[in-house]
Amino acid sequence: SQQGEEDPQALSIQEGENATMNCSYKTSINNLQWYRQNSGRGLVHLILIRSNEREKHSGRLRVTLDTSKKSSSLLITASRAADTASYFCATYGSARQLTFGSGTQLTVLP
Amino acid sequence: DVKVTQSSRYLVKRTGEKVFLECVQDMDHENMFWYRQDPGLGLRLIYFSYDVKMKEKGDIPEGYSVSREKKERFSLILESASTNQTSMYLCASSSEWKTQYFGPGTRLLVL
């Protein structure tokens, strides 16, 4: 069953702009993670935010978590063509497994 | 550097064939996972294992089985492949319940 749902499904921006993707989930979580997938490849972990954290940064990435709204956002600043990929949120809850959303396809135009 | 490898990048099989997909990790992780990924459906968990010889069903185990005889190796078996099992299969491993490390994926086509 899908826990996280990303919004928008697709996003197209110009190089240098910021990209924001949102994720909503349904049940309580231990942590929330964001992954990136380049076309036809495996997923790569980007960042993990715990349920007691509200914001986390890693390089050009900024993740926020609002557990009261059961939502998270991923912001990529100063985007580059190489950021073109699908981005997935995934949640760890009481079940010992990650549950992935359906992803946001980001296209960064040069 | 962490590494998860999958036995094949592309595989073509016929309906009814028995298919083995193998995954090997070199990080001494306890947990290993098999997912399938289909357009519009995201990643769906088929089976996972948290120890040698242990396995648990994920969200869509029907038509699949798994084997974990050694800690580093987790195999996904399609007993009798069907066309609706055409998909991208992704293996992952993790330590405790944290970040998962993914293999490159196997794109399976069942004719």
Restricting to region A:4-21, name every residue that is within 17 Å of A:Ser71 (Cα to Cα), at pLDDT below 95 and open to solvent by 20 Å² or more (accessible area, probe 1.4 Å).
A:Glu5, A:Asp7, A:Pro8, A:Gln9
One residue from A:Ser94, A:Ser39, A:Ser79 being within 12 Å of chain B (Cβ to nearest Cβ), farther than 20 Å from B:Glu96 by Cβ and assigned to a loop (DSSP other than H, G, I, E, B):
A:Ser39
Candidate set from region A:93-108 (those that are in contact with a Leu (Cβ under 6 Å, 6 or more places away or on another chain) and farther than 15 Å from A:Glu5 by Cβ); member that is surrounded by the fewest Cβ atoms within 10 Å (Cβ to Cβ):
A:Leu106
Residue, farthest from the other protein chains (Cβ to nearest Cβ), within region B:76-86, restricted to residues that are under 18 Å from B:Gly58 (Cβ atoms) and buried (at least 19 other Cβ atoms within 10 Å of the Cβ)
B:Leu78
Going by what's in this entry, would A:Gly59 be described as away from chain B (no Cβ under 12 Å), at pLDDT 95 or above and open to solvent by 70 Å² or more (accessible area, probe 1.4 Å)?
yes
Looking only at region A:2-23, decide whether some residue is in a strand (DSSP E or B) and over 25 Å from A:Leu109 (Cα atoms).
no
Name the single residue, out of those in region B:87-111 being aromatic (Phe, Trp, Tyr) and open to solvent by 50 Å² or more (accessible area, probe 1.4 Å), that is nearest to the chain's Cα centre (by Cα).
B:Tyr101
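The values are calculated or read from the model by the stated rules, or taken from the named source; none is laboratory data. The model shown is predicted, which means the values in this text are computed figures rather than measured ones. Glycine gets a Cβ as well: all are built from the backbone with ideal geometry, and neighbour counts include every protein chain shown. Ligands, DNA and RNA are excluded from the accessible area calculation, which covers all protein heavy atoms including side chains. Shrake-Rupley method; radii C 1.70, N 1.55, O 1.52, S 1.80 Å.
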